[in-house]
Number of protein chains: 2
Amino acid sequence: MPYMPLLRPIALALVALLQFPPPSTDVPKRASPQWIATYRDSANRLIGEAVATDAAWQRLAYLGDTFGSRLSGSPNLEAAIKWAAEEMQRDGLENVHLEPVKVPHWVRGRESLEIVGRIPQPLVMLGLGNSVGTPADGVEGDLLVVRSFEQLDAARDQVKGRIVLFNVPFTNYGETVRFRAEGPSRAGALGAIAMLVRSVGPPGLRTPHTGALSYAEGQPKIPAAAVSVEDAARLQRMADRGTTVRLRLKMEAQFLADADSANVVGEIRGRERPEEVVVLGGHFDSWDVGTGATDDGAGCVVTWDALRLMKKLNLRPRRTVRVVLWTNEENGGRGGQAYRDRHLHELANHVMMLESDSGVFSPTGFGFTGTDVARAKVRDIATLLAGIHADAIGANGVEADIGPSVQQAGIPAMSLEVDGNYFLVHHTPADTVDKIRPLDMARASAAIAVMAYVVAEMPERLK
Amino acid sequence: MPYMPLLRPIALALVALLQFPPPSTDVPKRASPQWIATYRDSANRLIGEAVATDAAWQRLAYLGDTFGSRLSGSPNLEAAIKWAAEEMQRDGLENVHLEPVKVPHWVRGRESLEIVGRIPQPLVMLGLGNSVGTPADGVEGDLLVVRSFEQLDAARDQVKGRIVLFNVPFTNYGETVRFRAEGPSRAGALGAIAMLVRSVGPPGLRTPHTGALSYAEGQPKIPAAAVSVEDAARLQRMADRGTTVRLRLKMEAQFLADADSANVVGEIRGRERPEEVVVLGGHFDSWDVGTGATDDGAGCVVTWDALRLMKKLNLRPRRTVRVVLWTNEENGGRGGQAYRDRHLHELANHVMMLESDSGVFSPTGFGFTGTDVARAKVRDIATLLAGIHADAIGANGVEADIGPSVQQAGIPAMSLEVDGNYFLVHHTPADTVDKIRPLDMARASAAIAVMAYVVAEMPERLK
């Protein structure tokens, strides 16, 4: 039965996305332990200051409206980085500076995919980041649709000279992103001339999702693109009918020379132990479609906002709180690596690193990676966030940009956790600020500010 | 407060779209009157045959997959017309033929819209159908955003040399489509060099909606395009901040010479009064984005399917039932006019005309325009459709293609009514078959077949 129930998952996802915090009866609350009482007043001031305005949302809107998408190597990203540093200074943050990073500079160029025939049929596609391009005339071949790597291997004799489509329904990101990442080399190794992947995300409105591929060493590098869910379904139906579908893919994609970029850093210096640092941040680069609002402009703004709020309320904790807007998460990860390398000497003094890179929808709390003792402390601190329904502490707190430092030095790691359908707009032209609620951003800013403030302020180090 | 709650209306709309028929307790049922009992068995056979398969959906999928979009003048439309006539013959319909129609041949060409500046920002747009193009370098001017014709008139001194955006939230089609249709001439008359309109539809995922404009006589013809809701919001925010936004619009749009097209006609000839005709149909042309699935491939297929079902069951009614797939509804209406002109001599023998052009989602019944006596009959017939929840008879049954004939000869007019969010995908690249449920199509086919069969079969003429 080829009917594709595209709309139900969108609707359910959107409904989930729209949910306000659940009624408080649904959330079993822990009472704050005694030691936390000291921080209640500061926490409430931070929360009140955050939710009283839509400052974070307005900053995110300005960022996207003014600079647009921010792919590594683009003038957009560099202009936005300069602006962010200036804005941090206007906020009164301290030690604001850029930390230079050389980044890969991949450019998309023009691109198209069509069903070849008497009447060519254009399809909706987006080339995958880091893909090679095609010759100017494109590559042309017959379609082979598979639904798994196993099906590809079973059809290994039919792959040569074909364009392979991995048509795999979205379950979760981890399960399906591997077809985007590894598919090109898996197909290329068997002689395919190009690879297509059903967009890694839930069904949208003919919405293609880009994202990085990863060529395996020693395998042919073939051009690769994502097609919308609708176009993948169409190609599947045509193949199922026994139609020979001939496709032509044209991509101008190429790498230019590595470009200059930077991580943006700002601080509130600690009043007693300035050498001990709590790092907060997100990645400031984005894909070259949409305006990188949820991925990851919003994560940058809410972590930065935690410092803005402390500064505004004259809350200077015992330890230093540092915001870092990393560059080049999407197609290289060089910002996170450069941070580790540049700060190697002081990683032992990193008390905690927190990254927000799962979108900013309704915040539910944090993921955390650390010792049981540290987890218990963090859970205690989270009780200060029960009133804004952001007090859950989950299992895993490591994100892409803090990863290199965290792994190097065994630093406690935290991620902002949210309830929202991040993957509906992830890596798409629809990743724009209007998908984000001002109040959700304010609550996220508040939650991060409170967590970071107490970890930086409490007498004993988190460990 | 600039926050745009884009997602809530999508979610609510999609939830509405997904609803199965309401529980039968919600629907007050009329018992079938005595005279209807005669038709119960035939009606049930038609319904059973329709809902037992997904034949209608499969035909629609094949149409879109094979021929794609079907704009007037395109080879796609002409190839699809040829296929439809062949398919009608394969179905065993009678008197299958094409009725030639000369149609306007507008072509989109390449097009783009960007915010001009040190770092140009591409926006998501679709040129409006029938628009003139721009010079090869495009037109460039400062943005003026207005929210109504009144605001435009109040700003009349600022319009000259500007690009005007009508940023009007979608309420319903009738209220907002006039900014798309009339906006270009209203702005052009005041000296604007181009017009933009917020897409006429609910918020999507950066989804632009095309559609026809209508230049007023004697006013300058300026190029015009729709922008996505997100892009309209971005331009509004930038204007609200006092930013001077400079835009460049490039459109290759142009009219070529009128092209050959045709209405496709097939019949089941009446066994007693073949000269009396019940006409069913939809329009076979579509916009040049998407595959014209809901607008109006589905309407064509379900009306056509009514004849297929009768043929399959050997139900030959007293009068002739004729399916007509009209050409050129979207940007000219010449198919409906040509039908009227060609059949002028027999319009007096047109017993009823039924068009489906509001999408095929969950069918609820029919709109009807006719005498009170005829309406009472139609309501009686609709009681046969209570079991499939398609028995409501609403106020207005006139649609675009039957309009010219209906108005010429005072013919009773009927439209298929459905419960679904037609305007979410209307005139967008996302108008593809996966948005439509096979069971909804089957129920629509069944409802139309039963209504048409009884009107064509009952002894007295509907009037």
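The values are calculated or read from the model by the stated rules, or taken from the named source; none is laboratory data. Remember, it's a predicted structure, so these values are computed and weren't measured experimentally. Every residue, glycine as well, gets a Cβ built from its backbone with ideal geometry; the counts of neighbours run over all protein chains shown.
Below is a table of values for the structure above.
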| quantity | calculated |
| --- | --- |
| Residue ranges of strands (runs of 3 or more DSSP E) in region A:68-159 with at least 2 members more than 12 Å from chain B (Cβ to nearest Cβ) and under 23 Å from A:Tyr215 (Cα atoms) | A:94-107, A:111-115, A:125-127, A:139-146 |
| Qualifying residue in region B:280-299 (condition: under 23 Å from B:Glu460 (Cα atoms) and more than 16 Å from the chain's Cα centre (by Cα)) | no |
| Residue in region A:346-355 that is in the same structural domain as A:Trp57 (by TED's automatic domain parsing) and under 13 Å from the mean Cα position of the chain (by Cα) present | yes |
| Extreme residue, farthest from A:Ala259 (Cα to Cα), among residues of region A:52-84 that are among the aliphatic types (A, V, I, L, M) and surrounded by fewer than 18 Cβ atoms within 10 Å (Cβ to Cβ) | A:Ala52 |
| Residue that is at pLDDT 95 or above, in a helix (DSSP H, G or I) and either surrounded by fewer than 19 Cβ atoms within 10 Å (Cβ to Cβ) or not assigned by TED's automatic domain parsing to the domain that holds A:Asp137 (or both), where the choices are A:Arg178, A:Arg234, A:Arg186 | A:Arg178 |
| Options B:Ala293, B:Ala225: the member that is buried (at least 24 other Cβ atoms within 10 Å of the Cβ), hydrophobic (A, V, I, L, M, F, W, C) and in contact with a helix residue (DSSP H, G or I) (Cβ under 7 Å, 6 or more places away or on another chain) | B:Ala293 |
| Only listed residue being within 17 Å of B:Glu230 (Cα to Cα) and surrounded by fewer than 16 Cβ atoms within 10 Å (Cβ to Cβ), chosen from B:Pro203, B:Pro122 | B:Pro122 |
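Residue-by-condition table, conditions (1) outside the structural domain of A:Arg70 (by TED's automatic domain parsing); (2) touching a residue at least 24 places away in the same chain (Cβ under 8 Å); (3) over 21 Å from A:Arg437 (Cα atoms):
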site	(1), (2), (3)
A:Leu280	no, yes, yes
A:Asp285	no, yes, yes
A:Asp288	no, yes, yes
A:Thr294	no, yes, no
A:Leu309	no, yes, no
A:Asn314	no, no, yes
A:Val321	no, yes, yes
A:Glu329	no, yes, yes
